[in-house]
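Some notes on the structure that comes next.
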Amino acid sequence: MSVANFIPTIWSARLLAHLDKAHVYAALVNRDYEGEIKNYGDTVKINQIGDVTIKDYTKGKDIDDPEELSGDQNTLTIDQAKYFNFSIDDVDAAQVNPKLMDAAMQRSAYAMNDTTDLFLANLLYLGAVNNGTNLGTDAAPIVPAKDNAYDYLVDLSTDLTEKNVPTIGRWAVIPAWYHGLLLKDSRFVGNGTDYNKALIEGGEIGVAAGFRIWLSNNVPNTEGTKYKIIAGTNAAGSYAEQILKTEAYRPEKRFSDAVKGLHVYGAKVLQPKCISVLTANKN
């Protein structure tokens, strides 16, 4: 083996591809940022366009001059950093064998995804805490049953609609036990079965109450209680990530090669009104 033959861009690209497949929460926010991520601590810019004013039209009269759309520019800081570091028998052999490389990068991606999705799930929840219209509280969590679990998703959808959140692109992320309740309701099974056949890669499991439903074990909770079932659209926040400093080296105390790299990322809630949260306990 020669680490001089190591091509970091190939390994980084494979890892990012697998991360995209593994993400749940990070797949449900947008990546609309400007700038290049080169180091931990970098910042990128997020541009948002203000609302358009709709005016009455009177036949035979001139319309007003075009308005200048206002826009806000937010800064997203890449303030999270995690590394991977694993051994492999022969980097050269893995590099020329896509299956071996994919297997190594897939394991790394799925491990890192748990960390990034937990981070983003909690960020989205905290962004909605002061929104004032969430369902259930830590002091009085809702306890759904098989007969009304679907109804609470409808309530989440209604909450978003009352806040003028677009219906297109809505999603909700649920834990496994909540999915079990939905599977006992014909409204979910009837709406989701055909759709499910066209899926599933990642955590998406069907449709219900106007949401694309995703399954995750990273739904925020407190020791198995007070689960934060988050619903929203990708306008709620932005996420940015990059794999940096991917390197191959020869561990001093091993007869194998090793690959290490740095995963940096950051996220920001931009429109908390585009999030609604159900705080729920298992029955």
Go through (1) modelled with pLDDT of 85 or more; (2) farther than 16 Å from GLN271 by Cβ; (3) out of contact with any helix residue (DSSP H, G or I) (no Cβ under 8 Å at 6 or more places or on another chain); (4) surrounded by fewer than 19 Cβ atoms within 10 Å (Cβ to Cβ) for LYS82 and report which single condition fails. (3)
Within the range 201-236, take every residue that is surrounded by fewer than 23 Cβ atoms within 10 Å (Cβ to Cβ) and among the basic types (Lys, Arg) and give me the one that is farthest from the chain's Cα centre (by Cα). LYS226
List every residue pair whose Cβ atoms sit under 9 Å apart, with the two residues 6 or more apart in sequence or on different chains, where the first one lies in the range 256-283 and is surrounded by 19 or more Cβ atoms within 10 Å (Cβ to Cβ) and part of a loop (DSSP other than H, G, I, E, B) and the second, anywhere, is modelled with pLDDT under 95 and among the hydroxyl-bearing types (Ser, Thr, Tyr). LEU270/SER238
Can you tell me which residue in the range 209-252 is nearest to LEU124 (Cα to Cα), limited to those that are part of a strand (DSSP E or B) and among the acidic types (Asp, Glu)? GLU241
Does the range 103-111 contain at least one residue that is modelled with pLDDT under 70 and more than 22 Å from the chain's Cα centre (by Cα)? yes
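The values are calculated or read from the model by the stated rules, or taken from the named source; none is laboratory data. None of these values were measured; they are calculated from a predicted model. Note that each Cβ is placed from the backbone with ideal geometry, even for glycine, and that neighbours are counted across all protein chains shown.
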